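Step one of this worksheet: look at the structure below.
Every read-out reported here was derived from the displayed coordinates using simple, explicitly stated rules and does not represent laboratory data. Predicted model, so just to flag it, every value in this text is computed and none were measured. Reconstructed Cβ throughout: ideal geometry from the backbone, glycine too, with neighbour counts over all protein chains shown.
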Amino acid sequence: MVRRYDETIETRTARGTPDAFVWRGRLYVVRGVLDHWRERRAWWRTALDEPLPAQGGVLDGARELHVWRVEASAGRLAAAGVYDIAAEDRVPSAWRLLRVAD
């Protein structure tokens with residue numbers, strides 16, 4: 001089962017890859033990166049944020065999320081879970097927890 005969240009998290013990175021994050025007051029250590037991809041945000045959610053010039057039918061500077069699917073645990077003895085965490089391309093220091101797979 002996958003649960004959706006959209007919560008701000010603090011994330012520590014090493015060479016651009018997340019290696020730990022704090023969610024709801026608990027530290028999760030990344031045990032492995034399972035996948036990495038980009039998601040384009042829905043244009044209707046950001047259309048009124050600020051005007052963006054169109055160029056060739058594509059919005060220049062459109063928002064994208066850089067998503068990492070990681071296996072992480074809240075301690076050595078805790079079971080590992082799968083988490084989708086993301087940073088926005090415009091604000092790479094602002095991380096969010098998107099989904100948790102049970």
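For residue 17 and residue 37 in the same chain, what is the full-extension length gain: residue separation times 0.36 nm, less their Cα-Cα distance, in nm?
Stretched fully, the residue 17-residue 37 segment lengthens by 6.0 nm.
Within a Cβ distance under 9 Å of residue 99, other residues only, what is the Lys/Arg minus Asp/Glu net charge?
+2
Can you give the net charge of the other residues whose Cβ lies under 11 Å from the Cβ of residue 31, counting K and R as +1 and D and E as -1?
With Lys, Arg at +1 and Asp, Glu at -1, the net is -1.
Can you give me the distance in nm between label points at residue 8 and residue 79, each placed 7 Å from the Cα along the Cα-to-Cβ direction?
3.2 nm
Only four residue types carry charge here, +1 at the Cβ of Lys and Arg and -1 at the Cβ of Asp and Glu. Report the dipole size of the range 1-45 about the Cα centre in Debye, rounded to the nearest 20.
Dipole magnitude for the range 1-45 comes out near 100 debye.
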